1. Among the residues of the stretch 111-125, how many are under 15 Å from the mean Cα position of the chain (by Cα), surrounded by fewer than 23 Cβ atoms within 10 Å (Cβ to Cβ) and over 16 Å from residue 398 (Cβ atoms)?
2. Name the residues in the stretch 60-81 that are closer than 22 Å to residue 340 by Cα and either surrounded by fewer than 22 Cβ atoms within 10 Å (Cβ to Cβ) or without any contact (Cβ under 8 Å) to a residue 40 or more places away in the chain (or both), would you?
3. Would you check if residue 61 is more than 17 Å from residue 372 (Cβ to Cβ) and either modelled with pLDDT under 90 or in a loop (DSSP other than H, G, I, E, B) (or both)?
4. Look through 113, 78 and report the one residue that is outside any loop (DSSP other than H, G, I, E, B) and closer than 25 Å to residue 242 by Cα.
5. Specify which of the listed residues (307, 337) is in a helix (DSSP H, G or I), at pLDDT 95 or above and closer than 23 Å to residue 117 by Cα.
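The values are calculated or read from the model by the stated rules, or taken from the named source; none is laboratory data. Worth saying up front: this structure is predicted, and the values here are computed from it rather than measured. Cβ sites come from the backbone with ideal geometry, for glycine too, and all protein chains shown count toward neighbours.
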């Protein structure tokens, strides 16, 4: 029988998902490094070089918002996989998943104490939303996705009476073209000397509140994350990844389709008349064209994210390339641990209580290279860790907390447990 002629059984781990998650976290750390993980520079002056400009253009075009989109999509996909595998074993996982999201929220709060750009608390809340959306048909979920992508929630925030279809606004009113999904830092006035506890308090209160306002009032970022969660769930229902290794032509066609769609959307955005930009507030008059541009930006972010994901998936199906991309598989399996370690290291590098005076004054090129170095070290550590352990540290704690029982941690423990079960069955 020819290799790769049948779909993977649902119970078998799909390694391309882990590798793709590891790939997504590469973009996350690079973007966060350039954004100083949300910390303002505490001292020093940066003199941009030619390379800094090139790196800034590249990251804003190809990385900002795209890799966190892939990461968010994979969360929705993981939700489906957990639900599906539980149902095949004969029990409803929804109650357990709600408890799991509460634990994730707690982990996210700890992450927020290091840097407010940590997104796990929002993931936990949207995970709860997915549980209630679980019974809905795919067409209903797709309709909801479309409404989120075109920015319908923002229409209600603005108020329909304030949407100007004639595109004529009061001269004293400045509106915004709502940005797409980004990791854009929020300006703050952090004092030059601040302890960790003072910084944690500010991150958990003032900065988090500002972040939520930006994501759900001043932009459509938060709603796009929810849309990506739902899309991941739908793709899981369609069994896309269970057949991804045998549908190579489909993968390439989808890559080209998303690539062309991105190009068309970007061209349309360039042709649409521009409007003045600033922060959006409730009660502000907004020309309809601004909302159109916002929706187009959101769609282009989604299609470019899909292009990157499908490009990675297509390359993963090439045996000679897969052996190298599989280096990211252990990293992706430890995605939660590695994501939080990125945030902890970012806080140490850029905070006032850490090395902010040094790294806060670095240019984009140096920060980009520093991000690559940190990521590479994490890849090496993850590979060695997964040779001896079944899960990353946070993954193991999360799993143990989910089932309220300590789970096997080392591969030796799993082997011993399997041996005991085998002996019991033979008696």
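1. Residues in the stretch 111-125 being under 15 Å from the mean Cα position of the chain (by Cα), surrounded by fewer than 23 Cβ atoms within 10 Å (Cβ to Cβ) and over 16 Å from residue 398 (Cβ atoms): 2 in total.
2. Our first condition is that a residue be closer than 22 Å to residue 340 by Cα; within the stretch 60-81, this holds for 63-79.
Across the stretch 60-81, the qualifying residues are 63, 78.
3. Numbers: more than 17 Å from residue 372 (Cβ to Cβ): yes; either modelled with pLDDT under 90 or in a loop (DSSP other than H, G, I, E, B) (or both): no.
Considered against the rule, which asks whether it is more than 17 Å from residue 372 (Cβ to Cβ) and either modelled with pLDDT under 90 or in a loop (DSSP other than H, G, I, E, B) (or both), residue 61 comes out as no.
4. Values: 113 fails: closer than 25 Å to residue 242 by Cα.
Just one listed residue meets the conditions, 78.
5. Working: 307 fails: closer than 23 Å to residue 117 by Cα.
Exactly one of 307, 337 is in a helix (DSSP H, G or I), at pLDDT 95 or above and closer than 23 Å to residue 117 by Cα, namely 337.
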